[in-house]
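Undergrad: My questions all concern the structure below.
Since every read-out is calculated from the coordinates, none of them should be taken as a lab result. These numbers were taken from a predicted model, which means no experiment stands behind them. Reconstructed Cβ throughout: ideal geometry from the backbone, glycine too, with neighbour counts over all protein chains shown.
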Amino acid sequence: MINAIVAIIAVATAGVVLAWVVRPSFRSYIEKPKYTMLEDAEILQEAEMRHDEL
Amino acid sequence: LGESPNDVKPGEVLPKTDYDLIRWHGHAAVITVLISTLFGILVATKFNFPSFMGGHAWETWGRLRYNHTQGIFFGWLGNAFIAFCYYVVPRLTKQPVTSRKLGMAIFWIWNFAVVVPGWALVCMGFSQPLEWAEFPIVVDVFVVLALVLMLIQFVKPFLRVPAGELYVSGWYVIGGLIFTTFAYPIGNLVPELVAGAKGAAFSGLWIHDAVGLYVTPLAVAMAYYVIPAETRRPIYSHFLSMLGFWLLFFIYPLNGTHHYVYSAIPMSAQRGAIIASVFLGFDVILVVTNLLLSLRGSSGKVGGSVALRFTWFGVVVYLVVSLQGSVQAVMPVNRMIHFSDWVIGHSHLAMIGFASFTAAGALAHIWRRIPGARYSERAMNWSFWLLTLGLMLMVADLTTAGLIEGQMWVTRAPWMDSVRTMYPYWLTRDVSGLPIIAGFLLFWVGLSAGPRNELRVKTQRSALQTEVSLGDDDPGERSGLRREPSILSYAYVVAFVAGFGFFLLSFVVLGIIPAMQLQAEINRTAPHDMQPLSASEQRGRIIYGREGCAYCHTEQVRSIDADVRRFGAPTAAWETQYDYPQLWGTRRIGPDLAREYDLRTDDWHYTHLFNPRSTVPDSIMPGFPWLFQGSAAHPTGEASDLVAYVRSIGKDRALAGAVQIVRSPGMEMDGDDGSQGVPETRPRPTMMGLDPAAVLLASAESPDPAHVVRGRTVFLHNCSGCHGENADGAGTAAGSLLPKPVNLHTLHLSSESLAAVLWDGVYGTSMPAWRELQKDDLEDVTAYVQSLQAKRVGDALSNANLVAAKQVYAAHCVSCHGGSGRGDGPAAGALRPSPINFHVNQPSTAYGLTVVNLGIPGSAMPGWKNNLPPDQIQSLVRYIQMMYGNDKEPTSP
């Protein structure tokens, strides 16, 4: 059981890292939220400001 | 960027943040952390001043200890996490939370159906003696209800967010809430339904899941949100953050059993948990590296923003405490530091240094953005430094203390030596709580005072645009991929399936499978005639749990030399098969009680419970006077039940004798030779006051004065509670003990007699065994005691008186004391305490006369005042005195 868990973790991690290395599209896909997070926060704050000004 | 942050898509309704609920939960968090920290300081104070606030049940150590940790867990961190969710969920999902009314319901349930009643019920004596699950089950119902409502409130907005668009903080929020909703009822209820070692396997799961899958995900979610929001720069790598997220949720649930290393839980589960713990350390390195790299180029802002500084500090401590956790799970380290103050330092580092600092950073970040809210940066700054000062002092102190404790437990030093050594460390820990509570108080000032927030979004937005546009990240990353979402691409589906799957995996691997192995082990090894606890013992067990006894006294002897040598045979799985819930414990302040069966008398226990320092002068155990009617001699039914339970712990193991245990696969212990018999450390009832196994003490018939002085010191620390500071048998405990402690000025004991008494105690009296004491200490005590009453010589009896005395002795004393006066008469075997052996114990004339005239209450020795004339009693006493040191029958000169 322990060996299976260790193997699963190792294989899964290696597989994901490999995908990240060989597929630029995957990199773009996986990194996108870190930009949209800031943008969305800004949009919401902006909207709240406008609402408060009204 | 492709599109401006100002662009709002047609038809898109922007959510509004419910700042009222954020404020409510924010203030509730700070109020409850102040109360919880006060509980902690009171608990810490009781270590050095155990009688402080000790007169009432509700303010006893155990109940305050329960409320301290549960208050931090639910009140402080719970409210802070909920406040954070109200702020972050609309920003991550572009959806409002489900309902304001639902939010109000969650607020009221969380604070007024969980925290406040939980505290009140614990103070009233309704609790559950399980780590991180101390609130009673009735409160658990509301916790689960609140968690379900939180899923509806916070997870529902994620329903329409594709997985590829969800920021890592959202993943942690979803994962943490889903996992906790499953794990909480399991961790709280299963140990009540599954007994002993099997229940402990599930307890271990929850102990770790509470910190690892509730506190950690939400704190990491905070860190991942606050750092980019404060620096106005995206995190270093979202890929690494997601890798860290999945590894954490996969590995963390498998850690649980590392709280029971060297226990009766199958070794395969223990090793699995240890390996998972080491893996977890690597995962945290990944997460923290990513978070700290997210500060690249913005490190200067850490000094300028208190919110960022709190978060940064929390992240650094997250790395430290996680690596510490990985190391202390490893067996060679675990055997040394487990149960010690090291672990308490570790948990404070985790809950204050990591979780509380991160939560404080998030609250500070949010508060500055609440329109119209007051916020004082100055107060926050002071708060940060005070909390840092208190935390560093506390952790350094407890870590050092734990190392010393662990080392002392490995040696043969008496248990009480480890307690005495800890006094200055516990005092320092108590003092370190003061800057911490002051820090939290100033944190509240920071949220309540200072200038009101202004609308300053425009300035911040321009900064965002500048920094993002000047970023050195690959612009191609930002475009992302446009895909048609399938059901599996929605974050909530992925998180739910994975969260539930990981929960199920840990439940099976560390709960179900070990429980099945344990059941097979129990079936194979349990005595067929093992009886459940009696009704009285069962009631006593509930009181034992209610008063927090299991939080100082473990009930498990681990399979390591230090434990076995000190306490006895390792705890086998079958021993606790009727324990609902298990009371193994995770901390030792007092000694382990797994082998307490029949070691001490009821009197001793009553006296000890009423005022522990009356029997153990240097004890820090709280007294339980509310279990008595005014004195130790008048126990209530609850005291009787509690003593009945304590005296029963380990009964079946003791009665089973030395049995060979053939362990089933997965149950093997390191260094286990298969012989799990009753240990040599267990005192045995002795006959005639002599035990051939007793340690040989150097003869102290003419004691060295230096030994006498040292012996008095040892005596004062260990014996004065019963025998009195002057060794006159008038200690504070004496009033409630029968037979009374001996006035050592009235009895001369030989070295061999003292050796047997100190080695085995005196069965049938409250005199315990003192095998823990070093041989030097035993010899010094012997020297001191022998210096109090010299051997009497001279004053031989005339021939006529000698003959008369012999006749009286033969007529009235032989049946118990034996024909030769060695305490081996035909009736002696049935008597407890055993009749005295006059060849090694010589009473003074006055004491002899008193005993022969009045008898010894609490023993089989009757008074002869009404049956024998005074001159015969006088001769009899002298005759008895003449036996001392003589192998032959006394003769006239």
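Undergrad: What percent of all Cα-Cα pairs in the range B:704-816 falls in each 5 Å bin, counting up from 0?
TA: 2, 11, 17, 21, 16, 11, 9, 8, 4, 0
Undergrad: Calculate one ³J(HN,Hα) per residue across the range A:4-13 by plugging θ = phi - 60° into the Karplus curve 6.51 cos²θ - 1.76 cosθ + 1.60, and present them in order as whole Hz with x for glycine and proline.
TA: Karplus values, whole Hz, x for Gly and Pro: 5, 5, 4, 5, 4, 4, 5, 5, 4, 5.
Undergrad: If each of B:D618 and B:V431 carries a label point 7 Å out from its Cα toward its Cβ, how far apart are those two points in nm?
TA: 2.1 nm
Undergrad: I'd like the FRET efficiency for B:D776 and B:R832, computed as 1/(1 + (r/R0)^6) with the beta carbon distance as r and R0 of 45 Å, rounded to 0.05.
TA: Working: r = 31 Å, r/R0 = 0.68.
Result of the calculation: an efficiency of 0.90.
Undergrad: Just for the Cα atoms in the range B:824-881, what are the lengths along the principal axes, largest first, rounded to whole Å?
TA: Here the Cα extents, ordered largest to smallest, are 31, 25, 18 Å.
Undergrad: What FRET efficiency, computed as 1/(1 + (r/R0)^6) with R0 = 56 Å and r the Cβ-Cβ distance, is obtained for B:E377 and B:V141, rounded to the nearest 0.05? Each step should come with its number before you reach the end.
TA: Working: r = 42 Å, r/R0 = 0.74.
Efficiency computed from Cβ-Cβ geometry: 0.85.
Undergrad: If each residue's Cβ is checked for other Cβ atoms within 10 Å, how do B:W61, B:W770, B:W385 rank with the fewest at the top?
TA: Numbers: B:W61 26, B:W770 20, B:W385 14.
With the sparsest Cβ surroundings first, the list reads B:W385, B:W770, B:W61.
Undergrad: OK, next. Given Cα positions, please report Rg to Rh for the range B:132-186, the hydrodynamic radius being the Kirkwood one. Could you put the intermediate results ahead of the total?
TA: Values: Rg = 13.1 Å, Rh = 12.2 Å.
Across the range B:132-186, the Cα-based Rg/Rh ratio is 1.07.
Undergrad: How high is the relative contact order of chain B, in percent, with contacts defined as C-alpha pairs under 8 Å that are six or more residues apart? Each step should come with its number before you reach the end.
TA: Details: 1595 pairs, mean separation 106.7, N = 893.
12 percent.
Undergrad: Kindly give Rg over Rh for the range B:529-632, based on alpha-carbon atoms, with the Kirkwood expression for the hydrodynamic radius. Present the calculation step by step, with values, prior to reporting the outcome.
TA: Values: Rg = 14.4 Å, Rh = 14.9 Å.
Checking Rg against Rh, the ratio lands at 0.96.
Undergrad: By counting other Cβ atoms within 10 Å of each Cβ, how are B:T358, B:T576 ranked from fewest to most?
TA: On the way: B:T358 30, B:T576 27.
Least crowded to most crowded, the residues run B:T576, B:T358.
Undergrad: Using θ = phi - 60° and the Karplus curve 6.51 cos²θ - 1.76 cosθ + 1.60, what whole-Hz ³J(HN,Hα) does each residue of the range B:587-594 get, with Gly and Pro shown as x?
TA: 8, 10, 10, x, x, 5, 10, 5
Undergrad: How many Cβ atoms of partner chains, on average, are near each residue of B:366-377 if near means within 10 Å of its Cβ?
TA: On the way: counts 0, 0, 0, 3, 0, 4, 1, 0, 0, 0, 0, 0.
Partner-chain Cβ atoms within 10 Å, mean over residues of B:366-377: 1.
Undergrad: What average count of beta carbons from other chains do you get within 10 Å of the Cβ of residues in B:162-170?
TA: Average per residue, whole number: 4.
Undergrad: Place the peptides B:816-829, B:203-216, A:10-23 in order of packing, highest mean first, counting for every residue the other Cβ atoms within 10 Å and averaging per peptide.
TA: On the way: B:816-829: 18.1, B:203-216: 26.6, A:10-23: 12.6.
Most protected by this proxy first, the peptides run B:203-216, B:816-829, A:10-23.
Undergrad: Now a separate question. D for the range B:584-635, whole µm²/s, Stokes-Einstein with Kirkwood Rh over alpha-carbon pairs at 20 °C and 1.002 mPa s: what number?
TA: On the way: Rh = 12.0 Å.
Here the translational diffusion coefficient equals 179 µm²/s.
Undergrad: Under the rule of at least 5 residues apart or a separate chain, name every residue whose amide H is placed under 5 Å from the amide H of B:L747.
TA: The list, which skips near neighbours in sequence, is B:S844.
Undergrad: Compute the Kirkwood hydrodynamic radius of the protein assembly as shown, taking the inverse of the mean of 1/r over all pairs of distinct Cα atoms, and give it in Å to one decimal.
TA: The Cα-based Kirkwood calculation yields 31.0 Å.
Undergrad: Can you tell me how much longer the chain between B:R100 and B:V497 gets when fully stretched, taken as 0.36 nm per residue apart minus their C-alpha distance, in nm with one decimal?
TA: Values: separation 397, 0.36 × 397 = 142.92 nm, distance 2.80 nm.
Gain on extension, B:R100 to B:V497, equals 140.1 nm.
Undergrad: Using modelled amide H (1.01 Å from N, peptide plane; none on Pro or chain starts), what sits under 5 Å from the amide H of B:M861, excluding residues fewer than 5 places away?
TA: HN-HN under 5 Å from B:M861: B:I856.
Undergrad: Also, quick follow-up: Decide, for the range B:755-798, between rounded, prolate and oblate: order the square roots of the alpha carbon gyration tensor eigenvalues as a ≥ b ≥ c, take rounded if a/c falls under 1.5, and otherwise choose prolate if a/b is larger than b/c, else oblate. Let's see the in-between values first.
TA: On the way: a/c = 3.76, a/b = 1.77, b/c = 2.13.
Oblate, because a/c is 1.5 or more while a/b does not exceed b/c.
Undergrad: As an exercise, use a Förster radius of 22 Å and the Cβ-Cβ distance of B:D561 and B:Q407 to find the FRET efficiency, rounded to the nearest 0.05.
TA: Details: r = 14 Å, r/R0 = 0.63.
Plugging the Cβ-Cβ distance into 1/(1 + (r/R0)^6) gives 0.95.
Undergrad: Can you give the extra length, in nm with one decimal, that the chain gains between B:I512 and B:D704 once fully stretched, where that is 0.36 nm per residue apart less the Cα-Cα distance?
TA: Roughly 62.9 nm would be gained on extension.
Undergrad: Per residue of the range B:439-450, in order, report the coupling 6.51 cos²θ - 1.76 cosθ + 1.60 (Karplus, θ = phi - 60°) as ³J(HN,Hα) in whole Hz, putting x for Gly and Pro.
TA: Residue by residue, the range B:439-450 yields x, 5, 5, 5, 4, 5, 4, x, 8, 10, 10, x Hz.
Undergrad: Please give the peptides B:180-192, B:517-529 ranked by average Cβ packing (other Cβ atoms within 10 Å per residue), highest first, as a rough proxy for protection. Please report the intermediate quantities before stating the final value.
TA: On the way: B:180-192: 21.8, B:517-529: 16.7.
Descending packing order for the listed peptides: B:180-192, B:517-529.
Undergrad: Just to compare against my own numbers: the Cα pair-distance distribution for chain B, 20 Å bins, whole % per bin, please.
TA: 14, 40, 27, 13, 5, 1, 0
Undergrad: What residues qualify as long-range amide H neighbours of B:F628, i.e. H under 5 Å apart, gap of 5 or more or another chain, H built at 1.01 Å from N?
TA: B:T636
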